[in-house]
Every structure is written in structure tokens, then in C-alpha cells.
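Quick notes on the structure that follows.
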Amino acid sequence: MIATGHNADDMAETILMNLLRGDAFRLGFCTSIISGDEDSMPRCKPLKYIYEKEIVLYAHFKQLTYFSTECIYSPNAYRGYAREMLKDLERINPPVILDIIHSGE
């Protein structure tokens, strides 16, 4: 099994993108904490309910070395728009990230 670093922010962005695209198929399995089929390596998302900022604060507090950068294509990619929308929604309703994840489950 492969453990990925997908966090709550990533999950909420993915759910928003699938909702905005009307992609009910992907929406049906994108929130699973464990994914994969019999032909592929199973993946798990142990950080699914952890905010990105909490992960960064933890790494800073523990003085862990970490690599943090955005993909240079991200701001103009569809995910970049979903991320900006999510930030706007979070200013209005701080728990919106977890609310979106729970609504997608």
C-alpha cells in the first residue's frame, strides 16, 4: 500500500473540481480514504482530515525539513481556480474545507 500526502485542502479542491465539472463518476470515489482496484497498487490518504496549514505548522514546530512549492502550472490550471474559490469560501466560513469533504462522502 502506498500512503500519499493528500491533505484536507487537496481533498476539498478535488471534490469542488468534480462538482464543477459535473463528474459524478469521480466524485463517487475521490473521497475514499483507501483507493485502488485489484489491478493497481492500493493507496491510502492518512492526512485526509488534516489542514495543510496544520501540517506546515507541525513541521515547523518539530524543525523538520520539508519541501514546499506549487507547480508552476497550478495557478492557471483548473485546480488553481478551485483553490482560489476554496480560499474565498474559507474566509466566509472557516470550517468549509471539512464540510466539503463530509458532503462528498
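What does the helix-only formula give at 222 nm for the chain: each DSSP H stretch with n ≥ 4 adding -39500 (n - 2.57), the total divided by the residues, and the result rounded to the nearest 500 deg cm²/dmol? Mind dumping the intermediate values first?
Details: 5 runs with 52 residues, N = 105.
Helices in the chain give a 222 nm mean residue ellipticity of -14500 deg cm²/dmol.
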Solvent-accessible area per residue for the chain at a 1.4 Å probe radius, Å²? 71
If unit charges are put on Cβ atoms (+1 for Lys and Arg, -1 for Asp and Glu) and the dipole of the range 1-77 is taken about its Cα centre, the option from N76, G28, I50 lying farthest towards the positive end turns out to be I50
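If you roll a 1.4 angstrom probe over the protein chains with everything in place, what fraction of the accessible area of the chain belongs to carbon and sulfur, to the nearest %?
Working: 4470 of 7410 Å².
With neighbouring chains kept in place, the figure for the chain is 60 percent.
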Using Cα positions and a limit of under 17 Å, work out the aspartates and glutamates in reach of K45, with same-chain residues fewer than 8 apart set aside. D9, D10, E13, D37, E54, E105
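The values are calculated or read from the model by the stated rules, or taken from the named source; none is laboratory data. From a predicted model like this one, the values you see are computed outputs, not experimental measurements. Neighbour counts are summed over all protein chains in view; Cβ atoms, including those assigned to glycine, are modelled from backbone coordinates with ideal geometry. With ligands, DNA and RNA removed, areas are computed over all heavy atoms of the protein, side chains included. Shrake-Rupley method; radii C 1.70, N 1.55, O 1.52, S 1.80 Å.
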